[in-house]
Each structure stands twice: as structure tokens, then as C-alpha cells.
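Undergrad: I have a structure I would like to understand better, so I am pasting it below and will then ask my questions one at a time.
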Amino acid sequence: MAVDEGLLWDAEDKDMLTVPRLRRMAVTAGGVVLLGLVLWANSHARWAICTVAAYVVVEIAYWVWDRRRLVEARIVVGEDGGDGRLRLRHAGGRSTEHDPHQVTRVLVIHDNVVDSAKLRLRLRGKRLLFARPGHSPAPATWRNACPSAKVDDRGAHWGMPGVPD
């Protein structure tokens, strides 16, 4: 399979946005603790500290999950100019290359409210990879790049009142 370099997936947002997340965590934690101390000065403020700790744990878990999400998928020409490779770039900055024949499933879920889509990509012997929302080319592009993959695209199963699904 000789291919030219081509973009298969491009996320709308490729940044990790660590500073705003840390700022939001600090403001929320400080506000909850201050509220707990003001309202219940004579009682124990342990509930406020537990709430803040739970919030921080959830934010850290989301950050760990989000930095593994894909922000870009492209097919690149191999070093010898022959077979193409699938290059996946993650939100954390890590890039990996895979044989396109190792892709077993590609699912593109189109949002029915905004012009956006989500990608679910499964590699043989690997876990399911998720991508940040972005714009996807036609399914035929995925079929050409990954010939042994089952490629599907569908609309989302949710909607807004007044908007036909």
C-alpha cells in the first residue's frame, strides 16, 4: 500500500490547558473551605475538606484520561517511501506509529447539534482509543488508509428539544 501523507483526524482543541485547570481547582478549593469555615465556624469543617479532596481527585483523574486522548491521526509515508504508517498524536504530546493493518475498528460519531464528531479507534491487541471532538474526513478516507478495519460512522443518540435527530 503506497500512500501519500494524509490527515485522518484533527481535533478542534489540541492544548492541555493545565494552567486554567489548576487555577479553577485552586479557586474552587479555596472557596469551599472558606464557605465551610464561615458558615460552620463552631462545627467541624471536615465535610468541606473532604469535598475539596474529592474534587481535586476527580480533576486529576480527568487530566490523566484527557492527556491520553488523540488530537491528530494521519497516515505518513514510510522511511523507504513504501508502506504508510498511522501516526497518532495524543493531547499530552506523545506520538505513536502503527501499522494501518492493525486497526480493527474505526467509529466516527457525528454530533447532531454542532458540526463536530468524536472518534473511537481500536487497534489489534490494544485498548480502545478515544479522540477529542474534531472534524473528520469522509469514511472512505479511513477505509483507504486502514483496509482491514471495520469503518462506521453514525449520528449521536442524543439531541436537543426541537432539533430532529
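The values are calculated or read from the model by the stated rules, or taken from the named source; none is laboratory data. Owing to the predicted nature of the structure, the values given are computational and were not obtained by experimental measurement. Note: accessible area is taken over every heavy atom of the protein model, side chains too, but ligands, DNA and RNA are not part of it. Shrake-Rupley method; radii C 1.70, N 1.55, O 1.52, S 1.80 Å.
Undergrad: Determine the per residue accessible area of segment 106-146 with all protein chains present and a 1.4 angstrom probe, expressed in square angstrom.
TA: Details: 2010 Å² over 41 residues.
For segment 106-146, the solvent-accessible area averages 49 Å² per residue.
Undergrad: Which order do V113, V106, V27 take by accessible area at a 1.4 Å probe, largest first?
TA: On the way: V113 65, V106 0, V27 105 Å².
Reading off the accessible areas and sorting them downward yields V27, V113, V106.
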